[in-house]
Structure formats: C-alpha cells, structure tokens
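Q: Take a look at the following structure, please.
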Amino acid sequence: MIKKLLAAAATLAAVSVLVFFAFSLIPGDPAVKKLGTQATPEALEMMREKLGLTGPLPLRYLKWVSGFITGDPGVSYSYDMPVAELLGDKLPVTMALVFMAFVILVVISVPLSILHARNEGKRSDRVLLFIGQGIMAVPPFFMGIMLTWFFGIILKVFVPGGYVSYKTDPAGFLAYMFFPALAIALPRIAMTVKLLRAQILKEAREDYVRTAYSRGNSTMAVLYRHVLKNAFIPALTFLSMNLTDMVAGSVVIEQVFGIPGYGRFLLNAILGRDYPVVEAIVMGLAAFILLVNMTADILYRLLDPRI
Amino acid sequence: MAKFFSPFSDRFGKSAMFRTGFVISMAVLALALAGYVHTPFPPNAMDEGAKLAGISAGHLLGTDHLGRDMLSRLMAGTGMTLAIAFGTVMTGMAAGAFIGALCGYFGGIFDEVMMRVIDTLFAFPSILLALVFVSVFGSGRIHVMLALGIAFIPSFARTVRGEFLREKNRDYCMSARQHGISHMRIIFFHILPNIADVLISSALIGFNNAVLAEASLSFLGIGVQPPDSSLGRMLSESQQYLFKAPQMALLPGIVLVFSILGFSLMGEGVRNND
C-alpha cells in the first residue's frame, strides 16, 4: 500500500518535471506576447520579473511545484488572475457533468448487461449486440450534436446553448446537464455492456457455478450471489478507466453544449498560449487520474480476497 | 434460462462481421480516394449565390454556410481525416514498436525506466495527451499528426513489449542467437514478422482511435485549420447552422460513424478469429 503511494507520488513528480520543462522550452517569450514587439527592453524585463520568468529553470521549477502543493499554481497570463481562482467556479461544473454521466453509465449498463447475458443467443441478444456495435462507433461529440438537433431543435425539450449557472438555478443547471451527460455516457454504455456481458458469460462457465447448481441453488441465486460478484471485479478497472476518459471527453462535450467547464477554459488557454493555466490543469488531471487508479486498486483488493 | 450455459459464446458470425466491416470501410475509402482524384467543385470554392442551398443537380448534397459544395468538401474532408489517421498510426506504431521491441528484448534498466514513462503516459486518455502536445507544437495538420502519433506510442509500445517478452525465449530465437546472428537482426527480421498479426490488429484499433481523435481535435478548432476540410472541421462549422441546415452536421457525422464502424468491425473480426 505504502509502496503504491510512493510510486504514485514519484509518477506525479515525473509528470511535473516533464510538464514544466516542456512548457518552459517552447519558443516565444510570453512577455513579448503580452506587451507587443514595440515594448522597451526595460518594460519587458519588468514583465518577465512579474510573470516569474527570470532566474534559472530549476529554481523556477521548485517555486512552481511548491506553489502547486500549497494550492497556488501561478497566475494566468491572459487574465492576470490566480489560476486557482479562475478554476474555482469551473471545476464544479465539469464535476457535475462527469458525475451525472457516470451515474447514467452505471445505472443503465449494469442491469442491461445482466439482461443481455441472460438472453444469450436469443434474438434480443443479437439485436442488442448489433445496436451496441453501432452506438460504439458514434463519437460522443457527434452524439451530442444529434441529441441537440433531435431533442433541442425538433422536440424542443431543452434550449440548445441555454446553459444556466448552478449558482442561480441549480435545478435548471441539472436539467440542462442531462443531455450532455447522456452524450458522454451513451457510447461508453455500449462498451461497458459488451464487456460486462462477456465477463458474466465467462464466469457462468466456471466450475464453481456448476458446483453451486449441483448444491441445489436456483439460477437466480447462482447469478446474483456468485457470478455477478466475480464478473464485476474486472469491470472495476474498466469503470475507473471510463471515469478518467469521461473527464477528458468532457472537454469536447462542453464545447458542443456551450458549458463553461474546465474544458473550454483549457482550450482557450491552449489557443491563447496561457501556459500557467495549461500546466495547472494538466497537473490537476494527472493527480486526479492517479487518485482514481489508486482507488480502483484499493477497491479491487477489498473485493477480491485472493489478492 | 437454460441458454445461460450455452457453450457457444457469440453466434453473430465472426467472418460476417469482418466482411461487413470491410465493405463499409471500402465505401468510405472509395469516397476519400475519389476525392484525391477529382471533386465536383474545388472543395474551398465559395458560391456567393448559393449559401446553405439544398440538394440540387448542381450541388448534389447542397452547400454549406459559405456556399461551398458539400459533396466536394465531404470527399476532401474524408481524405484529410483518413490521411491524418494513417500518418498517426504509422508514427505511433513505428516509434512504439521500436521502443517496445528494445524494452521487451533487452530488458534491464532501460526497460524499467522506459516502461515507467510509458505506463504513466498510458494512464492519460490519448485525447488529453494530444491536447498537451498540440499546445506544445501548435496546431495544423502536420502538427496534429505528430501530436497524435506521440500520444499513440504508449499503447503500441506496451503491446509489442509483451509480445517480445514471450517470443524472445522461443526456440527459434535461441537458435538464432547460438548461430551468432546479431540482436538487431533477430529483433527486426526474426521476431517482428512473427508478431505481425498482433501489430495489424492493434493498428486497426489504433486507426479508429486516430480517426476519432483527429475529428475531436479539429472539432475543437485546434486540429486541421480553415479553409482545409476534415470531418471534424465540417462538424465544428455545422454547429451554428444546426437549425437551418442540419444536413451540414449529419453528412460528415454519418461518414465519420461509418468509417469508425467499418474499421472496428474489421478489427473485431480479426481479433476473434483465433
């Protein structure tokens, strides 16, 4: 356990070195970009001082890392505001979106895959397989466009682009988030169902299942008490991977639905070469991914007594 | 419920899957290849008099918001998307296979360090990696290809490393070493051809992810730059006109879905064959 923690910390440290030096070595001077090419050398020097671009790289790195740990990952070039403050009201938006998508994913795919596996070989099974294969091929952002078109423009269930802030209208916010969350979740539901179905069927062919049957258990008892438990353990890793992928995918979905989450912010920072913002978001994501993987690992150990 | 224990897992014929995928992929490929040779109109030519026009004899699939012929842009865009995806897979596979081969074959400290890096990168969703690399390199089609190619290295490296770990102690490798054949020769001429099927199947899956990644990046506006056309670019331009001209979104979207579907069905068929 402690070894895992240390490994995660080492990885995070390595990522921080890579990120910091990669962005420091990009040609182009942020001070020149901010003040224009006409600026006097003195003004440029002062701006560099202000942006923290003076001094040797390793020292600057240490300053940046210690700032990051204490919750102050620097100041945005384009907004002249602390990155932490800027991110503060954007993160909850993305978190709500991803959380909703994850709930939709689990709520739909678990029962569906059980049903799917129980009907193995029947017509409904084949139809579902076929539909699943089709849905998997739809990129989330095109799914989003189609949902906007169908539910927003034709059926007028929601107003496209009519985002409401969670601060002013929490209910309206959640209602607006439903379709974006669905767009993220749908292709992943297809993938999860496919994997879980295969997993359940694989477990169903194991010896212990035959033993359980021969002891007089009903199919239901075997399915719910034995098979599902074992089938879900490998699915944990898959679900945790889905969670990190959904956080990444929300960058695109936020753009489709006009949601002011971290994704849009990151995108504008990339286009505007606002490196402190990009660095902070990348580091935050790295920490998040490591955290999710570790949590999945711990759950795995708790559920599977063999490890 | 008796069916629950049926020994036959999937009766949805594997070869049927491959064949369906092959037909779909060929159709998409034909659209792209035809676009390289000839398009009804120059894909970037604007027709001032016919903005957002519907289907007509002149413009078979109508025009977009700038009066550009949709069919021509669709052909050029599909070509662009497939070309970038191809370049991405080639870059990622060449570099990934090289790293994976050396790591798997030689092992040791190089392998240890390299794999740590690869595993770390692998934990990141590839679209995020691509976003980071694009922000380092800048946007545009060549940069996107490079950024995506690098983002794809980890998965290829891991797969190839695993294969090399298994192959390197097989009899044919042992005997090749005893014959004094150089390590490099064994790696590239003896082992590599033996893992070709694994490479092909991961290339097919990679190609799909690359199509999706290019479309996503261009959709976000940091991939292919205007006036060039690509499926993601077209989808991004269509968003504002969803009310007036939904076909602007649906056409490139459907081509995108079909190209992903075709290759995933093919990959599925190849993988399940053994």
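The values are calculated or read from the model by the stated rules, or taken from the named source; none is laboratory data. Given the structure is predicted, the values throughout are model-derived calculations rather than measurements. Cβ: placed from backbone, ideal geometry, glycine included. Neighbour counts: every protein chain shown. Heavy atoms of the whole protein, side chains included, go into the accessibility calculation; ligands, DNA and RNA do not. Shrake-Rupley method; radii C 1.70, N 1.55, O 1.52, S 1.80 Å.
Q: Are there GluC sites (Glu not before Pro) in segment A:1-100 that DSSP puts in a loop and that have at most 15 other Cβ atoms within 10 Å, and which ones?
A: Taking segment A:1-100 and a limit of 15 other Cβ atoms within 10 Å, no loop GluC sites (Glu not before Pro) are found.
Q: Further question on the same structure: Once you charge only the Cβ atoms, +1 for Lys and Arg and -1 for Asp and Glu, what is the size of the charge dipole of chain B about its Cα centre, to the nearest 20 debye?
A: Dipole size: approximately 440 debye.
Q: Here's something else I'd like to know. Leaving out ligands, DNA and RNA, and with a 1.4 Å probe, what % of the accessible surface on segment A:2-87 is carbon or sulfur?
A: So the carbon and sulfur contribution to the accessible surface is 70 percent.
Q: Please name which of B:Ala157, B:Ala245, B:Ser175 has its Cα lying farthest along the dipole of segment B:140-265 towards the positive end, using unit charges on Cβ (Lys, Arg +1; Asp, Glu -1) and the Cα centre as origin.
A: B:Ser175
Q: For all pairs of alpha-carbon atoms in the protein assembly as shown, what percent lies in each bin of width 10 Å, listed from the first bin to the last filled one?
A: 3, 14, 24, 27, 20, 9, 3, 0, 0
Q: Still on this structure, please answer the following. Can you give the accessible area buried between chains A and B, summed over both chains, with a 1.4 Å probe, in Å² to the nearest 100?
A: Summed over both sides, the interface buries about 4400 Å².
Q: Within the set of other residues whose C-beta is less than 9 Å from the C-beta of B:Leu52, count the net charge using Lys and Arg as +1 and Asp and Glu as -1.
A: So the environment of B:Leu52 carries a net charge of +1.
Q: How long, wide and thick is segment A:109-233, going by the Cα atoms along their three principal axes, in whole angstroms, largest first?
A: Between the extreme Cα coordinates on each principal axis of segment A:109-233 lie 59, 32, 21 Å.
Q: Hey, which of these cross-link pairs are over 27 Å Cα-Cα: A:Lys33/A:Lys167; A:Lys34/A:Lys63; A:Lys167/B:Lys244; A:Lys3/B:Lys168?
A: Over 27 Å Cα-Cα: A:Lys33/A:Lys167; A:Lys167/B:Lys244; A:Lys3/B:Lys168.
Q: Determine the residues within segment A:134-166 where the difference in accessible area between the chain on its own and the full set of protein chains amounts to at least 30 Å²; count protein heavy atoms only and use a 1.4 Å probe.
A: With the partner chains in place, segment A:134-166 has these residues losing at least 30 Å²: A:Ala137, A:Pro139, A:Phe141, A:Phe142, A:Ile145, A:Trp149, A:Ile153.
Q: Quick check: convex hull over the Cα atoms of segment B:64-113, volume per residue in Å³, rounded to an integer?
A: In segment B:64-113, the Cα convex hull volume per residue is 75 Å³.
Q: Using each residue's phi in segment A:135-144, evaluate 6.51 cos²θ - 1.76 cosθ + 1.60 at θ = phi - 60° and report the 3J(HN,Hα) Karplus result to the nearest Hz, with x for Gly and Pro.
A: With coefficients 6.51, -1.76 and 1.60, one gets 5, 4, 7, 8, x, x, 6, 6, 4, x Hz.
Q: Given Cβ point charges of +1 (Lys, Arg) and -1 (Asp, Glu) and nothing else, what value in debye, to the nearest 20, does the dipole of the protein assembly as shown about its Cα centre take?
A: 1700
Q: I would also like to ask the following. In the protein assembly as shown, with Lys and Arg counted as +1 and Asp and Glu as -1 at Cβ, which of these residues, B:Ile24, A:Ser165, A:Val247, has the Cα nearest the positive end of the dipole, that is, farthest along it?
A: Farthest towards the positive pole: B:Ile24.
Q: Would you be so kind as to identify all helices of chain B, as entire DSSP H runs, whose Cα atoms reach 27 Å or more along the helix's own axis and whose mean Kyte-Doolittle hydropathy is at least 0.5?
A: Helices passing the filter in chain B: B:14-37, B:70-106, B:141-167, B:196-220, B:247-272.
Q: Here is a further query. Calculate, for segment A:90-259, the solvent-accessible area per residue in square angstrom, rolling a 1.4 angstrom probe over the heavy atoms of the protein chains.
A: 43
Q: Over all residues in B:127-137, what is the mean tally of Cβ atoms on other chains that come within 10 Å of each residue's Cβ?
A: 6
Q: Among the chymotrypsin sites (Phe, Trp or Tyr not before Pro) in segment B:93-136, which ones are in a DSSP loop with at most 11 other Cβ atoms within 10 Å of the Cβ? Mind listing them?
A: none
Q: Along the positive direction of the dipole of chain B (beta-carbon charges: Lys, Arg +1; Asp, Glu -1; about the Cα centre), which of B:Gly77, B:Gly87, B:Leu66 reaches farthest?
A: Value: B:Gly87.
Q: Heavy atoms only, probe 1.4 angstrom, no DNA, RNA or ligands counted: give me A:Lys4, A:Lys50 ranked by accessible area, highest first.
A: So, going from the largest accessible area down, we get A:Lys50, A:Lys4.
Q: May I pose another question? Taking the 0 to 90 degree range and rounding to the nearest ten, how far is the long axis of helix A:262-271 tilted relative to the main principal axis of chain A, both from C-alpha atoms?
A: Taking Cα atoms only, the helix is inclined about 40 degrees.
Q: Return the long-range amide H neighbours of A:Val157 (sequence gap of 5 or more, or a different chain), with a cut-off of under 5 Å between placed amide H atoms.
A: A:Gly152
Q: Still on this structure, I have one more. Once fully extended, how much extra length lies between A:Glu206 and A:Ala175, figured as 0.36 nm per residue of separation less the alpha-carbon to alpha-carbon distance?
A: Using 0.36 nm per residue and subtracting the Cα-Cα distance, I get 6.7 nm.
Q: Give me the accessible area per residue for segment A:2-87, probe 1.4 Å, as a whole number in Å².
A: 64
Q: For chain B, what does -39500 (n - 2.57) per DSSP helix run (n ≥ 4), summed and divided by total residues, give at 222 nm, in deg cm²/dmol to the nearest 500?
A: -23000 deg cm²/dmol
Q: How large are Rg and Dmax for chain A when calculated on the C-alpha trace, in angstrom?
A: 24.3, 88
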